[in-house]
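Below is one structure; the comments refer to it alone.
Read-outs: derived from the displayed coordinates by stated rules, not from any lab. Because the structure is a prediction, the values reported are computed rather than measured. Cβ coordinates were reconstructed from backbone atoms using ideal geometry, including for glycine residues, and neighbour counts include every protein chain displayed.
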Ligand SMILES: [Cu+2]
Ligand SMILES: [Cu+2]
């Protein structure tokens, strides 16, 4: 100990100083003698990790069914599958962190030790090159998997179809209205025929709103003087709600519209009831089977 | 030896070291802290609560008009009356239109809070005294979601408008270039699961031969005159809070939806269905 | 009193009756008085000149609020020294000593005090006050949402509360670590006597102090109904409160920028002999990376808000689509600030957690250099990810792919943080004192925050979750569950050094369990709302979200109780706590090697550092540094080696 290092602190330093070279037992000796450092604890942590991962995977598989509302479009299915897939990937990663955390509290907390004094020092382990490399490679691989998944799904959603139904969406403080080009219909409710690709062309009369037909699994903002576009193909019939996802002032909470995915016949009836000519309504409502591979072009390219 | 605590302690003024630990039961202090904090929280809550819902003249409860039969079912029939004024600081029948009104702000008077019974038929009459102009969206020049009583029958999507000349017309739309305000009503989210979905929007026309930004040039109550009286009916569903607002851009700033349009109590209010 | 060693503490210097000049007469009361008078004059003049012109109310509010800020700081003494320098009468040494708080006792906490420890303590109390305000507003929100159609608040008031809750918390979280700890602790950690720019340090505090009244004034100016993100054009449409909000932000950015420069320069230039960059405690690295990132990010906020003011008050149209501007411009500049800002909040908190993990696992920080690489990696990637906040705005759909790539890449350096924590715990010797409780809670929460962030970085999934309560829950898990728990761990760790008293761990542990459980219940409730499709920032909601909301509100009350108990632990300990020994944790960073309370200028003898502070299990712990030296002004100050090799090398030859 350096002679210049004093202990002048009015005797308030608690307890005798331990020399810092007593370690937390045999583990350090393993380290010093070059034995595999992770061997002993690894197995026990694995035993904690395995069931946690299993639980995580099970939750990922079954919970989304119960907490998502009915998703009525292909985009909704994408959201659902992404949630399940990402959760399954995340489960082992989260579990390993939690497993080490739990194990450290169980196994590496010195028993019967006076809490007012620090326990003997742990291993002087300043890093582990191979482990760091494995960790980096594994996390990079996981990220690449996520990216491949995300970009694949995203580009598949950009495919346009030849028989797309166009719906113009107009947001304003604080109501939506929907126009069906080809007819004079302007509606407060959003009606869509099932199995017909739909392209929403969205704009706003005043400020930014968020057009969010919740159960279709898509959304985009409505901006004044801009037209934004999203596409979806409703593939199940059912009611849904169009909400505003961008705070838009006083009655943001009241800015919503009822929506309904209906059969093409019901859709035609709706248009006629709203004042469309029957021929135009029939044209908008007709559903052709689409072979996306033949009629598709990638948007923006 | 030096007792270092004699030097200026690293504590803010007023917090003097006072005696050894535990000189006071901790539980007392703990409870006191929580109680004081809750009292503060309650104070803040009361402040906001008192700032909130500044309805000019309390809630207007609908008057009963007996019952009405529709599709073989009998409903309670009630009526609501309201007025739009060009300036919320005006005085009508000795009462201010809006107690904390701003000069130049239009307002629904004398209240923006209405109350009607659940599952009833409402006949609403709005007298429109304000000037106006063009809507942002012509959609709101149409009458939506009403079932108005015309010659003893309930006709969908129309309103009866009595102009300054005293002539009453039944219309399904007005000129989108000369609207004073609109009355646009929808239930709180969720209530629309009940069929049919409710969305009522009725334009309140004006005579645009009078310049915008002035009253209709007369000497009627609240500074306005040449009233248009708009009468329409609609069914309300179950209990809940329904929100109404005006869709005519009668405010300032972007889209003319700032100022009065962003403030609760002038061009926006609630219809409480109880 | 022993007479054997007569110690001369700097703070006991007898200053002349005129030392300090104008500072002698200035304190918070003169600041408030001059600020209010100045604001009133600003209002009077601008009202007379502008009210009836086309410039209108927005200009009046802007001028009034700006006058308050300038007046308050003039009254505090912010401009004294530069002004004297301009007049050629620079401050004397005595003046500087006075400004550092010499012989002012407790008063110095209410003054323009340049001592970094005073500034740190001021920040600590101020941050707690901000959390009190922000938390109270959060409770208003959660109370409103107990029932779907509550009549507690009207929508206008609700929106104003949502906005100010958000902004108060953002301000508080940005300064919650870089304020108290990077000011009080960091300079000691690197062996400095003060920050590089002590006057700027005091300025950063009083400027941010003056930023808050305009923020609160928004409630009386109509309320900002646009959320803390104040997206244009809605914010251009908002009431005059928005102008006060903008002045608050501009003032706040000035403070944060000044503080960031100070932190970075201090670490670059003020390190003790032998304190190489490779020996810096990890918290210092985190503070530096956070501070530097703030220097990149925050000015964008100032720019955005300046354009906002001109849009509103002078009729420019940067952000108004209808007259040639574009709201997407606001969103871009905002998130160029906003995403790095998240890491400005987070990284220092992570630094504190790593410091605590090392101390309480009695182990070196695992993979120290990799951890630094992780910080730098996060910081540099974070400036290239901003548009993931704009996936669903419709702006540049072609960029969705590239921004998805950069955003997901950031999980690699974030993963490093977990590796470092887990590696530090690995075969450690876990000492479960209160700071370590919060470190474990950080680990738990931050995993959840991180994993839920991955869903949001995926464009197809984000198209569902964007703008809904899932996002709210996610960022509360990272910012409250992660960063703020990190800061709380820091409070538990450094409280004794800052106040001279031990934090009561019994009460603290009670608070811990309320907080830990409260966070999970509150934000799992909000995840649930998000899955079901409830939009953010709504005052009324569909009854299908009822149970999720009630769960969240119940959790929020538990959480509030937890923070109140923690607050009591702090108050009680600050007043009556056990007197703290200088190094209760037997840690090895420099702040623990000097006396508690820390004397003015910290080190009466300059330390010399010979090794990094993580020699647990390897080298004997360093002893306490001398609290004083015999004053011999003619001589160079004695150099005292720190660390094991000191005697062998005779000081600093490595
Ligand atoms: Cu909206
Ligand atoms: Cu109006």
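Structure notes:
- Relative contact order, percent, region C:268-388 [alpha-carbon distance under 8 Å, six or more residues apart]: 36
- Temperature 37 °C, viscosity 0.692 mPa s: under these conditions the Stokes-Einstein estimate for region B:59-273, based on its Kirkwood radius over C-alpha pairs, is 190 µm² per second.
- This ranking places B:246, A:244 by how few other beta-carbon atoms lie within 10 Å of each, fewest first, which gives B:246, A:244.
- Efficiency of FRET from Cβ geometry, residue A:133 and residue C:147, R₀ 51 Å, rounded to 0.05: 0.40
- DSSP beta bridges in region A:66-205 [antiparallel fraction, %, rounded to 5]: 50
- Three-way shape call for region C:228-338 based on the alpha-carbon gyration tensor, with the a/c threshold at 1.5: prolate
- Fraction of beta bridges assigned by DSSP in the protein assembly as shown that are antiparallel (%, nearest 5): 70
- FRET efficiency, residue B:31 to residue C:10 (Cβ-Cβ, R0 35 Å, nearest 0.05): 0.25
- Footprinting exposure proxy for A:206, C:618 (fewest neighbouring C-beta atoms within 10 Å first): C:618, A:206
- Summary value for region B:59-273: 25 percent relative contact order, contacts being C-alpha pairs under 8 angstrom separated by 6+ residues.
- Between residue A:66 and residue C:22, the distance separating the two model label sites (each 7 Å from Cα on the Cα→Cβ line) works out to 6.7 nm.
- Note on residue C:83 and residue B:118: their simple-model spin labels are 6.7 nm apart, each label 7 Å out from Cα toward Cβ.
- Global geometry of region A:165-285, whether rounded, prolate or oblate, following the gyration tensor of its Cα atoms and the 1.5 cut on a/c: prolate
- Per principal axis, descending, Cα span of the protein assembly as shown in whole Å: 109, 71, 56
- Antiparallel DSSP beta bridges within region A:165-285, as percent of all bridges there, nearest 5: 65
- Segment residue A:225-residue A:239, length gained on full extension (0.36 nm per residue, minus Cα span): 2.0 nm
- Between the alpha-carbon centres of region C:486-503 and region C:69-111 there is a gap of 29 Å.
- Shape category assigned to chain C from the gyration tensor of Cα positions, a/c cut at 1.5: oblate
- Distance between region C:368-437 and region B:57-71 - C-alpha centres, whole angstrom: 60
- Ordering A:133, C:407, C:596 by the number of other Cβ atoms within 10 Å of each residue's own Cβ, fewest first, gives A:133, C:596, C:407.
- Max-minus-min Cα coordinates of region C:485-588 on each principal axis give 56, 27, 20 Å, with the largest extent listed first.
- Computed extension length for residue C:579-residue C:554: 5.3 nm, one decimal, from 0.36 nm per residue of separation with the Cα-Cα distance subtracted.
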